[in-house]
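Shown next, in structure tokens, is the structure this report addresses.
The values are calculated or read from the model by the stated rules, or taken from the named source; none is laboratory data. This structure is a prediction, so every number in the text was calculated from the model and none was measured. Note that each Cβ is placed from the backbone with ideal geometry, even for glycine, and that neighbours are counted across all protein chains shown.
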């Protein structure tokens, strides 16, 4: 279906509206869903370049960058994925402020990418800033709140410089998060 959309609109001018952009988006999503990540990467990079050329909104550009980050991750390009997640987080922070669902989701994704790269100090620093805001904005039982707490607890115990207090805090956070998740 994605290829059909693309073939229909490929010969039309870029500036003719959003239909071509939606066709590229659908093609990229379809390729990702079919696990054709190299092809999806090519389409997503082209989509991002086109959106920038056409002056798309910051929010629309950040959506494409999020999809690119996930594609980089699937391809094992973890450093690029982390950098893109960082760009998305700071873009959301600038656009929406810290107390917005999109910003909190981006922070969670960025923190998770830091953990994959074993950058525990950076992840801990980010999470300590944002973890207090998340339950207040999203609620105690929201999936992002629970994921963020789980990531934070893992960061505390995975860090080789963890103190006994860090380890106790990690256990407490994991137990509390598990109890909350079971209720939901």
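Before moving on, here are some points about what is shown:
- The set of residues in the range 20-47 being surrounded by fewer than 19 Cβ atoms within 10 Å (Cβ to Cβ) and closer than 19 Å to residue 87 by Cβ consists of 45, 46.
- Test result for residue 181, part of a helix (DSSP H, G or I), surrounded by 21 or more Cβ atoms within 10 Å (Cβ to Cβ), in contact with a helix residue (DSSP H, G or I) (Cβ under 8 Å, 6 or more places away or on another chain) and in contact (Cβ under 8 Å) with a residue 12 or more places away in the chain: no
- Any chance residue 126 is surrounded by fewer than 18 Cβ atoms within 10 Å (Cβ to Cβ), closer than 23 Å to residue 72 by Cα, touching a helix residue (DSSP H, G or I) at 6+ places or on another chain (Cβ under 6 Å) and free of Cβ contacts under 8 Å to residues at least 40 places away in the same chain: no
- Unmet requirement for residue 24, which otherwise passes all of (1) touching a helix residue (DSSP H, G or I) at 6+ places or on another chain (Cβ under 6 Å); (2) not in a helix (DSSP H, G or I): (2)
- Residue in the range 68-86 that is on the phi > 0 side of the Ramachandran plot and either modelled with pLDDT of 95 or more or in contact with a strand residue (DSSP E or B) (Cβ under 7 Å, 6 or more places away or on another chain) (or both) present: yes
- Flag for residue 98 being in a loop (DSSP other than H, G, I, E, B) and either touching a strand residue (DSSP E or B) at 6+ places or on another chain (Cβ under 6 Å) or modelled with pLDDT of 95 or more (or both): yes
- When residue 52 is tested against (1) part of a helix (DSSP H, G or I); (2) under 30 Å from residue 161 (Cβ atoms), only condition (2) is not met.
- Subset of the range 71-85 (residues that are surrounded by fewer than 19 Cβ atoms within 10 Å (Cβ to Cβ) and in a helix (DSSP H, G or I)): 74, 78, 79, 80, 83
- Residue 149 surrounded by fewer than 15 Cβ atoms within 10 Å (Cβ to Cβ) and part of a helix (DSSP H, G or I): no
- Any hit, the range 162-169, residues being assigned to a helix (DSSP H, G or I) and buried (at least 21 other Cβ atoms within 10 Å of the Cβ): no
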